[in-house]
Every structure is written in C-alpha cells, then in structure tokens.
Amino acid sequence: MYETYRDLPPIQVTTETTVDMPTGTWRTFRPVISAERCTRCYSCWKFCPDLSIVVQQEGDYPYVDLFHCKGCGICANECRRGAITMEREPL
Amino acid sequence: MNRRKPRFTIPHEDLMHPGHSACPGCGEPIAMRLVLKALGPRTVMNVPAGCCAVIPGVWPRYSLRVPLIDHAFECTGATSSGIRAALDAKGMDDVTVVGWAGDGGTVDIGLQSLSGAIDRGTDFLYVMYDNEAYMNTGSQCSGSTPWGAWTTTTPGGKEIARRTGKKRILEMLAENGIVYGATVNIAFPEDLVERVRTAKAIRGPKFLHVFSPCPSGWKMDPSKTIEAASLATRTGMFPLYEYRDGQYRFTKEIKNRKPVEEYLRLQRRFRHLSPAQVAEVQELVDKELEELRARVEAGRK
Amino acid sequence: MIDAITANQAAALAAKLARIEVAAVYPITPQTTISEKLAEMVSSGEMDARFMLVESEHSAMSALIGASYVGARTFTATSSHGLALMHEVLMWASGVRRPIVMPVAARAIGGPWNIWGEHMDVIAERDVGWMQFYCENNQEVLDTVLMAYKVAEDPSVMLPAMVVIDGFILTHTVDAVDVPEQGQVDGYLPAFRPDPVLNMDEPRRFGGLVMPDWWTEFRYRIAADMEGAKIRIREADREFGRIFGRSYGGLVENYRTEDADAVLVVAGSAAGTAKEVVDRLRGEGLKVGVARLRVFRPFPSEEIAELSSRGVVGVFDRSYTFGDGGAMFNEVRSAMHGSDNIVKNYVGGLGGRDVTAAHMEWIFRNMLDIADNGLDRKIEWVGLRDGSGRW
C-alpha cells in the first residue's frame, strides 16, 4: 500500500486493522464445538484471548473463527461441559 | 443440562480486533478485551515498552478500536497526565485516559512517573497487567516476581535466588493517594468488569492490578491460562480486594482456600521448589493474607 | 511595549504570547525562573494554559508528547542535567514528530557540580532530531520562541525545537525587550492544527512498532524534513521581520564579514562581545567579522560554505567534545571541506567562565596572525591557566 517514503503518513500512525492477519496459521490444534453438549454459558467466548469464539447475539451458539484462532485451547480447558475438543490440524 | 436462558454476563461489544500479535493463550489480550468492554469507546490508551506494545500489532495495522499512544518505558504516568491535560484543554473531559503497563513498567522503571501522576491528581485509570516478570524480553525478574519463581535473571542453582516477594504495589499507591485501587483477575471477568466500571465513575487517579498469566514465561501449557489465574486467587496467592476512601475490602471472599501447591505445580517456573520450599511459600501466602485481612478489618472499625 | 526583563522572563512571555495550551514544569537552575514566571501568569489569569507539575524532566517531555498528540501547543523549559535526563524522550518527541518548543538555559553538566553557563548540555543533544536555535540576547529569546513554534508546527517540518539561552549570562540579566502585542503575534503564529491528530471517531495508534522494512523510510523523512526546515526558518525570520521589524539573518547572521580576512563563527551571547570587538578592530583597519551561528540544527552548511572566501575561519565552542575538538568547529570544518581556508577551534566560556572582550581580541589577532604565518595549533583553550601569560 506504500511504495516509497513519500507515501508515508506525515507522522507515524496506523491506517489499517489487524483483521486481515491470518493468525490461524499459528495453530496446531483446532477447537471443535459440539452443539449437543454446549449450554451456551459463553465461557469460551469470555476467555478467548484472540476474539476467535464468535457469538453473534445473545442466545446464539458460539462458533470458531478459524482464520484468527491460534489454537491455545483455553476454550476447551474452560468448558465445563466438555463440549469443546482440540483436534490436530492436518500437516 | 443447564436450563437457564443463555445470556452475556459481560458486555457483548468488543473494542478490539482479532489478528493481534499476542502469543497463544496470553492473558493480556483477555485483560485488554475485558477492560475495554467495561470502559467503552470514549477511551484513550497509552502504553510503554512491553507486550502491551506488541499486542496492538505492527504498523500500519492496529488491533484496538480506541486511540492508542505509544511511549518510552518509564513514562506511563507522565504521558497519561499529558494526555489528560490536553483533553481537558480541548473540552474532552468525558474521555477516560488509560495508562496500561506491565509489572516491570509499573513497579520498577515506571514507579516514579506513576507516583507523580497520582501526586498530580491526574484523572486516569492506570492498569498494571501483572505477568510477574519482564516477559516481553523473555522472563527476567521484576519487582513483581513472586518468591521462589524461576526467571532468566534469578540464577541460583539449588538455592532460591528470588528471596523477596512481590512489591505491594496497591498498598504503596494507596499511601501515595489513589482514589481507587483494586486487584482483578482475568479468570473472574464479571468482577473485573464491575471493578473497571467502579473506577471509571470516580474522578482522580485510579489503579487496577490485573493478574495476567504468561504461558511461555511461566512454562505452562497455553490452555491453562485461566485455570492458573483462577487458582492464584483460589489459593490466596492473588487475593481480590479493593481500596477506596482509606478502606480495604475483599471483593471475592475465598472459602475453602486451596493449597498453593495446586497453583505452583501447574507451572514449571516453580518446578525446582522442594516440598519444604513449597511449604515456605504456603506460609508466606498465609501471612500476607492475614496482614491483608488485618487491613480490611482495620477499615471496618 | 519595551520592558526591562531577563531572558527567562522573555521566554515565559513568549510562551504566553504563543498561547500555549499545556506546560510541563520542573525546576532546575538556571531555568527555574521561566517556570516561576509561567506559574505567576497562570495564577493571575493572564495566561490560559494547563500548568502541569511533573516529578522530573523525563516526565515533563513524556507528558508533552502525549498532550501534543491531542493537538495541544506544548511548552517546557529545562537545563543541563534535566536535558540529559530527557535524552531518551527527546528522541521520542522528534521520532513521532511532535513540534514541542523548549527553551534550554544552557549550563554545564556535572560532575563535579557546576551550575553555570556553557553549551555542553545542548551540544550533547545535537543528534536527537531537534532544531537548535542559539540566542544572542533577551530580545532574540522572545522572538525565537515564537519563530520556533512557527517553524516546528509547519506541516512540512513537524519537528521539535530547542531555544538555547546562555545560562545566567542571559537567563538572569535584565535587558530592554520589545514585547509584541498579542494581536500581532496571533497574526504571525496561527493556532496549532496538526493532522493527523488524536480522534475519538477514528481510533488509530500513534508511535507503534515499525519493522525494519519501513524504519529507514521513516528516518529518511525526518532527515529530509529537517533539511527542508532551513527554508522554513529563513522564511519565518523574514516574515517576523516584516511584522515585528526585527529579523536575524536566518540561520547565520553575518556581521561585517563581506571583506573580512578573519571570521569568527560563534553562537549565543558571546557573539555580542565578539561583535563589539569587531567594531573596535575595524576602527584600527583590521578586516574581521563574525558569523553568528543562530541555528545549529539543521546545520547551515550552505551559509558556512560561503565563508570559504573569507580567509581564516575561527570557531568558538562553548563546549568540548572529548576526544576531538568542539562540535561546532568540527561541523564548520566539515562544511568547508575542499576549501583552502585555515579553520581553527577556540574553546572557552566553560562552566560560567567569562568570555571577555580581551579574549575575543586575542582570538581575532591570533586569526590574523595565522593568516600570515600558518596554523599554530588546531585547538586553543581560551583563558586556560597554562602558565603562558597569554590571557
């Protein structure tokens, strides 16, 4: 988006968000949510460091944003119903 | 099955984007997310060196949805005062200024300017995310490293090199003149949000001490971040309490306190501790809690 | 209105006239009376600025960087150890392009302790991306603070500026100063409207991590804009002259240099002494002159290079770069590279030692002597008790 020093903003300031950063590529294990077991307590959503457990609105089931999820496993560890399992990504 | 209606117990809106640069399982973005949820968009952050300068992303990208000003390591308090002064001069006194720094940036190198900001009566919220060492540089001992913990700068072989415990920063700042202070823990989001809201509503210098595990520095699995954080409070190693109007108050009473060993054995930074040393940690924690209880009791009189 | 005031009072009055919005204040001799004057004017209501007490100079500069991002015109003043303590954040201020203006009461840095005037403190900060203006007298201090804001806040510059005031010699001596009317100053110096500025509706991050792939370009921008500031300084000086009837020659003030056989390059208050001696020696028929270095950063290499047609060039440094002569000397000599001129360094006026007319006369006569007989030595410590009986 910038080609030369002339294109830079006059002072150093950000102009984009991190949304297009594919942090999901860091992942070794992916969280898989079982809808049958999920009680929608939203613990996984509350504790996700990567804003990768998405609940669109109150009452919805959570789903995983795999483009960003780094696979830390906090959601699976904190799920009291065991509704989330960490499955190894294919090599 | 739980039959209650599913509901959000903390604000739904996030003021943070995914794709940030924190390590997997890092406690700090959880803390950032929660604090920003509680504060809302009329917030200006400022951060010194530390993981807090990495997580927001690499230029030209940015992961927060509130303005952020970066600055040198030791000046979070001072920069906060400057931002506050200018906002007031511009008539933007509804904006909350947040100085956000790590434990090293607070209890060590940033202590002077934080003390100055409190002395100046700056209306701001200082948030110290405590991962108990200089983690951005790879686990060097800080004044907030707990007794006996391993870091790369606490050599000692079989001896315990870290023979002093965490500085009592909240108490230090209470004596300095903060109008509100609280310890909070990312494992208790509802409590954290409530404390932040309380702080936001009070004018003057406020301080939040956020417990924020670092899986890589603490040498534990990244999935254990919340579990470790929760145990820190449930064992009494990191009690949750607040300070206001000269009084201390427990914000989370822990009944059936768990032995500290449960917390310590989750992390390999304590692996070298002998059973006798673990007992020593237990004694220290018991004593600290007793002293805190005495401060709480003194306030009730 | 003509007022009898010190240079420190002049600096504080200039801050008021510039309508600064946030001031960070911390005492250090011989700057303190600037802070005190500000306090007095804020407390009497003469001045409407946020007066912020800080607990160190490091915090003063850090606070102003934050305030400047919000769009406030900012001010602080310091000296010596205080300036040295700021070193880290001076670089931050220029690196993130905050046009902060800061008078510096130039003073020695210990140890051992010495509270008196010299240029070591400011010279030690010549590489940090700040413009440096050196003032000859109290009037110039007031005028230069205003000019410094004008240049610093120019969208093509956006770099901070130090206004150097010789410790005690100017900071604490009273002189007649023409204090301009507020309306005139408002006409010269428009309100500070930086872009981009902190904006709640458009949350952005200022000063965050830049990787090696773009760091060079950001540094180049500073280098290029510092170079471009030379044009802005010359313009600001001319415009100042049109409005206030005083101008200072841009980056270098040439005093009777046109036909000179020997020119002394000198910055700050010592230039006044040098000019008087020049007048006297001219009366004797000696062709001597002074090139007063008004701006050291950006370095006026073009103006200095022009001195190559003027015979011997002496450079008076009120500081010393241990290991290799005075900094001004080395830079002047470097700007004159390729010329045949003899360039000699005179070091003096350290730690409050007076630079007397006798010293200056000795320097001019020495320059004329080496014009005929060749360079005697590269560096002369003027007034040094060396047992020679020369001083």
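Nothing in this text is a laboratory measurement; each read-out follows from the coordinates by a stated rule. Computed from a prediction, not measured in an experiment: that's the story for all the values here. In this analysis, Cβ positions are derived from the backbone assuming ideal geometry, glycine residues included, and neighbour counts consider all displayed protein chains.
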Open item on the list: If amide hydrogens are placed 1.01 Å from N in the peptide plane, which non-local residues have theirs closer than 5 Å to the one on A:Arg30?
Closed with: A:Glu87, A:Arg88, A:Glu89
Task: FRET E, pair A:Thr28, B:Thr137, Förster distance 22 Å, beta-carbon r, rounded to 0.05 - done: 0.30
Open item on the list: Under 10 Å, Cα contacts only: if you run a Gaussian network model on chain B, which one of B:Lys258, B:Lys224, B:Lys287 comes out with the highest mean-square fluctuation?
Closed with: B:Lys287
- [ ] Return the average number of partner chain Cβ atoms within 10 angstrom of each residue Cβ along peptide C:88-94.
- [x] 2
Task: Protection proxy ranking of C:340-349, B:82-91 - average other beta-carbon atoms within 10 Å, highest first - done: B:82-91, C:340-349
Task: Check: region A:22-88 dipole with +1 on Lys, Arg Cβ and -1 on Asp, Glu Cβ, in debye - done: 220 debye
Open item on the list: Once you place label points 7 Å from the Cα toward the Cβ at C:Ile231 and B:Glu190, how far apart are they in nm?
Closed with: 6.5 nm
TODO: Determine ³J(HN,Hα), in whole Hz, for all residues of region C:146-153 in sequence, where each value follows from phi through the Karplus function 6.51 cos²θ - 1.76 cosθ + 1.60 and θ = phi - 60°; x replaces Gly and Pro.
DONE: 5, 5, 4, 4, 4, 6, 4, 8
Task: Too-long pairs where the Cα-Cα distance tops 25 Å, listed order kept, from B:Lys224/B:Lys252; B:Lys219/B:Lys252; B:Lys200/B:Lys287; A:Lys70/B:Lys37 - done: B:Lys219/B:Lys252; B:Lys200/B:Lys287
- [ ] Using θ = phi - 60° and the Karplus relation 6.51 cos²θ - 1.76 cosθ + 1.60, list the HN-Hα couplings for region A:54-69 in order, rounded to whole Hz, with x at every Gly or Pro.
- [x] 10, 10, 4, 8, 3, x, 6, 7, x, 9, 9, 8, 6, 5, 10, 4
Open item on the list: What do you get for GluC sites (Glu not before Pro) in chain A restricted to DSSP loop and a cutoff of at most 13 other Cβ within 10 Å of the site's Cβ?
Closed with: A:Glu3, A:Glu36, A:Glu58
Task: 5 angstrom amide H check on B:Tyr241, placed H, neighbours 5+ away - done: B:Thr183, B:Thr251
Task: Selected from C:Ala335, C:Ala23, C:Ala12 as most flexible by GNM, with chain C as the system and alpha-carbon contacts under 10 Å - done: C:Ala335
Open item on the list: If the elastic network links every pair of Cα atoms under 10 Å, which of C:Glu202, C:Glu284, C:Glu253 fluctuates the most in the Gaussian network model of chain C?
Closed with: C:Glu202
- [ ] Let me know the mean shielding of B:48-60 by other chains, meaning the per-residue number of their Cβ atoms within 10 Å of its Cβ.
- [x] 5
Open item on the list: Using a Förster radius of 30 Å, what is the FRET efficiency between B:Lys158 and B:Glu283 based on their Cβ-Cβ separation? Nearest 0.05, please.
Closed with: 0.90
Open item on the list: If I require 24 Å or longer along the helix axis, counting alpha carbons, and a Kyte-Doolittle average no lower than -1.0, what helices from chain B are left? Use full DSSP H segments.
Closed with: B:275-300
Task: Amide H contacts of B:Met16 (H built 1.01 Å from N, under 5 Å, at least 5 apart or other chain) - done: B:Arg65
Open item on the list: I need the phi-derived Karplus couplings for region B:128-143: 6.51 cos²θ - 1.76 cosθ + 1.60, θ = phi - 60°, integer Hz, Gly and Pro marked x.
Closed with: 9, 8, 9, 10, 6, 4, 6, 8, 5, 9, x, 6, 9, 4, 10, x
Task: Coil-residue GluC sites (Glu not before Pro) of region C:286-391, DSSP, other Cβ within 10 Å capped at 15 - done: none
Open item on the list: Taking beta carbons within 10 Å but only from partner chains, what does the mean come to for residues C:48-58?
Closed with: 5
Task: Nearest-0.05 FRET efficiency for A:Asp60 and B:Glu175, computed from C-beta distance (R0 56 Å) - done: 0.75
